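Taking it in order: structure first as structure tokens, then the write-up.
The values are calculated or read from the model by the stated rules, or taken from the named source; none is laboratory data. Remember, it's a predicted structure, so these values are computed and weren't measured experimentally. FYI the Cβ positions are ideal-geometry reconstructions off the backbone, even for glycines, and counts take in every protein chain you see.
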Amino acid sequence: MLEIDKGQISLESSEKPQDGCAVVGVYSRKNNVAEIAFNGLVELNHRGQEGAGITVHDGSNFITVKDSGLAGIVFGVKNSLPELQDARVAVGQDRYSTSGSLSEMQPFLENGIAIAHNGNLTNIEWLRRKYNIPEKIDGASSDTRIALAVINKMKGSPQERILKAISEFEGAFNFVFATEGSLIATRDPLGFRPLSLGKIKDGDGYVVASEDSAFDSMGAEKMRDVFPGETIVVDDEGVKTININYKSKLARCIFELIYIARPDSVVFGIPVMQFRLREGEILARHLPEDVDLVMPVPRSGICAALGVAASELARARGIPYMEGLYTNPYRGVVDGPRTFIMPNGRDKAATEKYRANNSVVEGMSLVLVDDSVLRGSMRFVVDKLKASGAKAVHALIAAPEIKHDCSYGVDFGKKELLANTTPNLDERRKYLGLDSLYHLSYAELIEAATGNEVQLNNKTVFSENDYCGACFTGRYPVETRGVITKS
Ligand code: SF4
């Protein structure tokens, strides 16, 4: 997939998990709300690259622009931003999908409410049956489109309809809504995905965004996170909480910290960069004997590799950090993201993506660090390193083995996961061409998140620490009553 990371365009093959989107919302009387929403979507494009859309309300009408592609392509090349003097509210979404069509692009609009969503509802079939909603509405069958139809089955003002419907929703959801006079944002009670609230620096208005790293470009500063289960309304009177659905435990997606979020975001109160450095520090306990240098798989392994190299253990052994793999940031612009979601495009992507730097790797025994292993395209990287003269290639992976699907908005493709196709660790190591392979354990992962060593107890570690780790453990915090796969 095409991914923008830290302002650089790089090719992320479908080896990497795909998140189900980013959302932004803006309310301001004087500022250009569409432009602020656009800036937010550009900053959050790492969460979804298949399409982008913005809906504004201009005082009498809703206007939506949505199309396929990165936010900068959708609004910089294919369409113009709606520039409306009177618009006070905007909502927007960056979308990831495996087979997106224009009819599934967000925001959706119906009966005075525009909606954009990050997450996955787990009781959508139950909702459809209960409220007698057809499988497709205007060509769209996604959980978001059905959620909007459920909202509009309720009675009352837009705010009342939204609140009534939200109490029926289960799973992972961050919704932003635009109504005629307000911006409404809500986060699911278990807090799966991050959502932050900011204040526009000139004092005229507020923003919400999936990650707070978007706020700088939106001209805003962070106030706080939207609480799990909280619904807020922003209008001319300011921000107010209109509901909190409090649960005694949370299920914050730990994969946000491992891979999805930008390193400069603060997610669930944890600076993502610090979390990944801490993962690296823990991985350093497992450094093989004969290592000369620590090397990241760019760009996903950089933070954890820095953590390995900065650890006392690596410094005591004099093992430096070196980047020996080059990724051409311009290749994605030419190829486009579509090549890489085609099954036989993946291998092509993995081989073309990286070039090993002989001057760094020749004669070296190196430890490669990456955030996760999904399908095994790491073997192409290892091949290139060995062809460039690496004496040995070890791997430290900053996540446990991923064996289970995610029901909450991240697309792994369970059947193709290397941990399932090659369950034996030593066979997997050989398949990847590695001299050794270590995955962070689930207990070590929780240790990185909490800062405390955790005695792994399968029954308690999950709830005690308020994280979802179902893709690693198979223990799902919310049962599913008919999930619609992202389309
Ligand atoms: Fe995140 Fe994995 Fe849980 Fe999905 S299953 S919400 S990716 S931790």
Which residue pairs have Cβ atoms under 7 Å apart, sit 6 or more places apart or on different chains, and have a first residue in the range 413-428 that is in contact (Cβ under 8 Å) with a residue 12 or more places away in the chain and a second that is among the small types (Gly, Ala, Ser)? LEU418/GLY376
Taking the range 467-483 only, how many residues are away from the ligand (no atom under 11 Å from the Cβ) and either outside any loop (DSSP other than H, G, I, E, B) or modelled with pLDDT of 95 or more (or both)? 0
When the range 174-194 is checked residue by residue, the ones that are within 20 Å of PHE108 (Cα to Cα) and either assigned to a loop (DSSP other than H, G, I, E, B) or within 12 Å of the ligand (Cβ to nearest atom) (or both) are THR179, GLU180, GLY181, SER182, ASP188
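Every residue, every condition in (1) surrounded by fewer than 23 Cβ atoms within 10 Å (Cβ to Cβ); (2) in contact with a Phe, Trp or Tyr (Cβ under 8 Å, 6 or more places away or on another chain), yes or no:
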{"residue": "LEU250", "(1), (2)": "yes, yes"}
{"residue": "PRO271", "(1), (2)": "yes, no"}
{"residue": "GLN274", "(1), (2)": "yes, no"}
{"residue": "GLU279", "(1), (2)": "no, no"}
{"residue": "PRO288", "(1), (2)": "yes, no"}
{"residue": "VAL291", "(1), (2)": "yes, no"}
Hey, does the range 227-244 have a residue that's farther than 28 Å from ASN111 by Cα, of a type in the set (Ser, Thr, Tyr) and surrounded by fewer than 18 Cβ atoms within 10 Å (Cβ to Cβ)? no
Given GLU256, GLU281, which one is under 21 Å from the mean Cα position of the chain (by Cα) and part of a helix (DSSP H, G or I)? GLU256
Of all residues in the range 259-278, count the ones that are of a type in the set (A, V, I, L, M, F, W, C), at negative phi and not in a strand (DSSP E or B). 6
Are any of the residues in the range 120-128 in a strand (DSSP E or B), out of contact with any His (no Cβ under 6 Å at 6 or more places or on another chain) and in contact (Cβ under 8 Å) with a residue 40 or more places away in the chain? yes
Which of the residues spanning the range 263-273 are out of contact with any Pro (no Cβ under 9 Å at 6 or more places or on another chain) and free of Cβ contacts under 8 Å to residues at least 60 places away in the same chain? GLY269
Scan the range 395-417 for residues that are outside any loop (DSSP other than H, G, I, E, B) and modelled with pLDDT of 95 or more and jot them down. ALA395, LEU396, ILE397
Identify all residues within the range 212-254 that are within 16 Å of the ligand (Cβ to nearest atom) and in contact with a Ser or Thr (Cβ under 8 Å, 6 or more places away or on another chain); write none if there are none. LYS249
Flagged pairs (Cβ under 8 angstrom, 6 or more apart or on separate chains; first in the range 233-262, more than 30 Å from GLN49 (Cα to Cα); second modelled with pLDDT of 95 or more and within 12 Å of the ligand (Cβ to nearest atom)) are LYS247/LEU190; LYS249/LEU190
For the range 210-243, give me the residue count where each residue is in a strand (DSSP E or B) and under 19 Å from GLY181 (Cα atoms). 11
Looking at ASN424, ASN420, which one is within 16 Å of the ligand (Cβ to nearest atom) and either modelled with pLDDT of 95 or more or within 30 Å of ARG481 (Cβ to Cβ) (or both)? ASN420
Filter the range 261-275 for residues that are closer than 20 Å to PHE227 by Cβ and aliphatic (A, V, I, L, M); the one that is farthest from the ligand (Cβ to nearest atom) is VAL266
Selected residue (criterion: modelled with the lowest pLDDT) from residues of the range 436-466 that are touching a Pro at 6+ places or on another chain (Cβ under 9 Å) and crowded, with 19+ Cβ neighbours inside 10 Å: PHE462
